[in-house]
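K.L.:
One structure, as structure tokens, below. Some questions next.
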Amino acid sequence: VIANVDCATGEGPLWHPEERCLYWVDIPNGHLYRYDPVAAAHELVFSGPPIGGFTLQEDGSLLLFMAKGAVGVWRKGQALEMVLDEIPALRETRFNDVIADPAGRVFCGSMPRPGGPAQLYRLDPDGGLALILDDVGLSNGMGFTPDRRGMYYTDTRKQTITLFDYDEASGALTNPRVFDEVPADEGHPDGMTVDAAGNVWSARWDGHCLVQYTPEGEIVRRVEFPVPKVSCVTFGGDDFTDMYVTTASVGNRAQEGPLAGSLFHLNLGVKGVPEFRSRIA
């Protein structure tokens, strides 16, 4: 444990190479945290509406995806600069997990709407918004294959990780096939990342673990955690072998455990890659 913070839903860890620090969020509390591994210290740097995820912009700012479909640029010490005030379809819900693609677009998913499914959108650099999927249980972790020709997509409620063909030129997703269907008694697939060798690392909500898959979908390792709700993982550090893992307490450490909601660190000698940066105007 490197940051013993009682995050109701710790999520979205992302390494900032220039700052050599890690950012992550506590979604429902609208908290953005920053961890400095040199100082071995963390701080709360922003508090606002619920933040479902964020990307690192090309200039080093953070692009926050929030409640009601709002999107804003955050720079330390400055007011939030809004890109989108809302998405009408998301007025009664929020974003959940986002990822920048190689061209600077952002795939941004949502939680379910009252009486309706969750969705997956794509926000383009010019501000254009496209609805990609409209029959989602709960939109979650995404990642790209090393050749940039495939994108993984997690639907937590459907217990599936799907692999799409991805077209970098257009941002189109086609030819979906199930990469894995997770048995319900093994937890729910949540946030994920892809390492330099193309292995998939999937966090397990209520599964106490991270799961490592080969590119062919074979499970080769489980890393157990002392808390049930493991929510997301990313690679960072100067050589991208440091793994940072978020967890959730859902506001109930008495039930979830004294370390629930904390930020964890491990190093298994596995090398990751920097995440792509968004280029949203």
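The values are calculated or read from the model by the stated rules, or taken from the named source; none is laboratory data. Note that the structure is a prediction, hence the values are computed from the model and not measured. Positions of Cβ are backbone-derived with ideal geometry, glycine not excepted, and every protein chain shown enters the neighbour counts. Just the protein is used for accessible areas: all its heavy atoms, side chains included, with ligands, DNA and RNA removed. Shrake-Rupley method; radii C 1.70, N 1.55, O 1.52, S 1.80 Å.
K.L.:
In terms of modelled amide H atoms, which long-range or inter-chain residues lie less than 5 Å from the amide H of residue 83?
P.N.:
71, 72, 73
K.L.:
Once the Cα gyration tensor of the stretch 179-227 is diagonalised, what are the square roots of 5 times its eigenvalues, in whole Å and ordered largest first, as equivalent ellipsoid semi-axes?
P.N.:
Working: eigenvalues 61, 28, 15 Å².
Working from the Cα gyration tensor, I get semi-axes of 17, 12, 9 Å.
K.L.:
What's the carbon and sulfur percent of the stretch 71-126's accessible surface, probe 1.4 angstrom, rounded to a whole number?
P.N.:
Details: 1040 of 2280 Å².
That fraction is 46 percent.
K.L.:
Starting at 0 and stepping by 10 Å, how many percent of the alpha carbon pairs of the stretch 156-207 end up in each bin?
P.N.:
23, 45, 28, 4
K.L.:
Please report, in debye to the nearest 20, how large the charge dipole of the stretch 104-241 is about its Cα centre when each Lys and Arg carries +1 at its beta carbon and each Asp and Glu carries -1 there.
P.N.:
300 debye
K.L.:
To continue, here is another question. Please work out whether the stretch 70-126 counts as rounded, prolate or oblate from its C-alpha gyration tensor, where a ≥ b ≥ c are the square roots of the eigenvalues and a/c under 1.5 means rounded, while otherwise a/b larger than b/c means prolate and anything else oblate?
P.N.:
On the way: a/c = 2.30, a/b = 1.37, b/c = 1.68.
It comes out oblate by the Cα gyration axes.
K.L.:
How large is ³J(HN,Hα), in whole Hz, for each residue of the stretch 191-206 in order, when computed from phi with the Karplus curve 6.51 cos²θ - 1.76 cosθ + 1.60 and θ = phi - 60°, using x for Gly and Pro?
P.N.:
Rounded to whole hertz, the list is x, 7, 8, 10, 8, 5, 8, x, 6, 9, 10, 10, 7, 10, 5, 6.
K.L.:
Calculate how large, on average over all directions, the projected area of the Cα convex hull of the stretch 171-274 is; give the answer in nm² to one decimal. Could the numbers behind the result be given before it?
P.N.:
Numbers: hull surface 31.1 nm².
The number I arrive at for the stretch 171-274 is 7.8 nm².
K.L.:
Next question. Calculate, in whole percent, how much of the Cα-Cα pair population of the stretch 137-223 lies beyond 18 Å. Please list the in-between numbers first.
P.N.:
Values: 1364 of 3741 pairs.
In whole percent, the long-distance tail amounts to 36.
K.L.:
Per residue, how much accessible area does the stretch 1-110 have with a 1.4 Å probe, in Å²?
P.N.:
On a per-residue basis, 37 Å².
K.L.:
Now a separate question. Starting from the amide H of residue 196, placed 1.01 Å from N in the peptide plane, find each other amide H under 5 Å away whose residue is 5 or more places distant or on another chain.
P.N.:
The list, which skips near neighbours in sequence, is 271, 272, 273.
K.L.:
Quick one: which residues, 5+ away or cross-chain, put their amide H under 5 Å from the amide H of residue 180? H built at 1.01 Å from N.
P.N.:
Distant-sequence amide H within range of residue 180: 161.
K.L.:
In addition: Rounded if a/c is under 1.5, else prolate if a/b beats b/c, else oblate: with a ≥ b ≥ c from the C-alpha gyration tensor eigenvalues square-rooted, which is the stretch 207-260?
P.N.:
oblate
K.L.:
Using Cα positions and a limit of under 17 Å, work out the lysines in reach of residue 229, with same-chain residues fewer than 8 apart set aside.
P.N.:
Output for residue 229: empty list, no partners.
K.L.:
Please list, in order along the stretch 116-122, the HN-Hα scalar couplings obtained from phi with the Karplus expression 6.51 cos²θ - 1.76 cosθ + 1.60 (θ = phi - 60°), rounded to whole Hz, x for Gly and Pro.
P.N.:
x, x, 7, 9, 10, 10, 10
K.L.:
Using a 1.4 Å probe on the protein heavy atoms, what percent of the accessible area of the stretch 131-275 belongs to carbon and sulfur?
P.N.:
That share works out to 49 percent.
K.L.:
Could you give the accessible area per residue of the stretch 191-281, probe 1.4 Å, as a whole number in Å²?
P.N.:
That works out to 37 Å² per residue.
K.L.:
Kindly provide the pair-distance distribution of the stretch 1-122 built from C-alpha pairs, with 5 Å bins from 0 and whole-percent values in order of increasing distance.
P.N.:
In whole percents, the pair-distance histogram is 2, 11, 22, 24, 20, 12, 6, 2, 0, 0.
K.L.:
Within a Cβ distance under 14 Å of residue 34, other residues only, what is the Lys/Arg minus Asp/Glu net charge?
P.N.:
Numbers: positive: 20, 75, 76; negative: 18, 19, 26, 36, 43.
Once positives and negatives cancel, what remains is -2.
K.L.:
Okay, moving on. For the chain, build the charge dipole from Cβ charges (+1 Lys, Arg; -1 Asp, Glu) around the Cα centre, then report which of 39, 166, 146 sits farthest towards its positive end.
P.N.:
Positive-most Cα among the choices belongs to 39.
K.L.:
Further question: So for each of 252-263, 169-180 I average, over its residues, the number of other beta carbons within 10 Å; can you give me the resulting order with the highest mean first?
P.N.:
Top of the packing list down: 252-263, 169-180.
K.L.:
Next question, about the same structure. HN-Hα J couplings of the stretch 238-252 from phi, Karplus 6.51/-1.76/1.60, θ = phi - 60°, integer Hz, Gly and Pro as x?
P.N.:
4, 10, 6, 10, 7, 10, 10, 10, 9, 9, 9, 9, 6, x, 9
K.L.:
Need one word for the stretch 101-171: rounded, prolate or oblate. Basis is the Cα gyration tensor (sqrt eigenvalues a ≥ b ≥ c); a/c below 1.5 gives rounded, then a/b vs b/c decides.
P.N.:
oblate
K.L.:
Compute the distance in nm between two label points, each set 7 Å from the Cα along the Cα-to-Cβ direction, one at residue 221 and one at residue 40.
P.N.:
That separation, rounded to one decimal, is 2.4 nm.
K.L.:
Please compute the volume of the convex hull spanned by the alpha-carbon atoms of the chain and report it per residue in Å³. It would help to have the intermediate numbers written out before the result.
P.N.:
Details: hull volume 33.4 nm³, N = 281.
Taking only Cα atoms, the chain has a hull volume of 119 Å³ per residue.
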